[in-house]
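Data block below; observations after.
Laboratory data are not the source of any read-out in this text; all were calculated from the coordinates shown. Being a predicted model, the structure only gives us computed values, none of them experimental. Virtual Cβ from ideal backbone geometry, glycine too; neighbours counted across all protein chains shown.
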Amino acid sequence: MTLNSIKNALFAAMHGMTKEEYDLQKAHDNLKDITDRFLVEHPEYLAAVPAAPQTVSKTTIIKMLGAGADVFKPSDIDPEALERAKAVCRKMVADSPDQYCHIVRQQGV
């Protein structure tokens, strides 16, 4: 063991951490220091950070999409495509029932 590793192990024990926890904390601190130093040296990267996302209500989204955006029309679904999709799903479940049994139980099929 090197003198530095012994020092780190003692410091970790004094703070109620394992050596691995101390090494991880030290790595996090080093990464934070490097990142902070980089951003101080290159402030142009801070200007490119997008603003925090804002919460948007359902009505606002519907207004942006236009009239009738919140209405589901069953006529939009192609019945033949729906039957083909159902057939493929049935085949997948039949070929591998162990993989899909939890889905079948939830749906009550």
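Using r as the Cβ-Cβ distance of residue 46 and residue 15, and R0 as 35 Å, what FRET efficiency do you calculate, to the nearest 0.05?
Calculated value: 0.60.
So which lysines can residue 63 reach, going by Cα to Cα under 19 Å and dropping same-chain residues fewer than 8 places off?
73
Grab the beta carbon distance between residue 2 and residue 38, set R0 = 30 Å, and tell me the FRET efficiency rounded to 0.05.
The value I calculate is 0.55.
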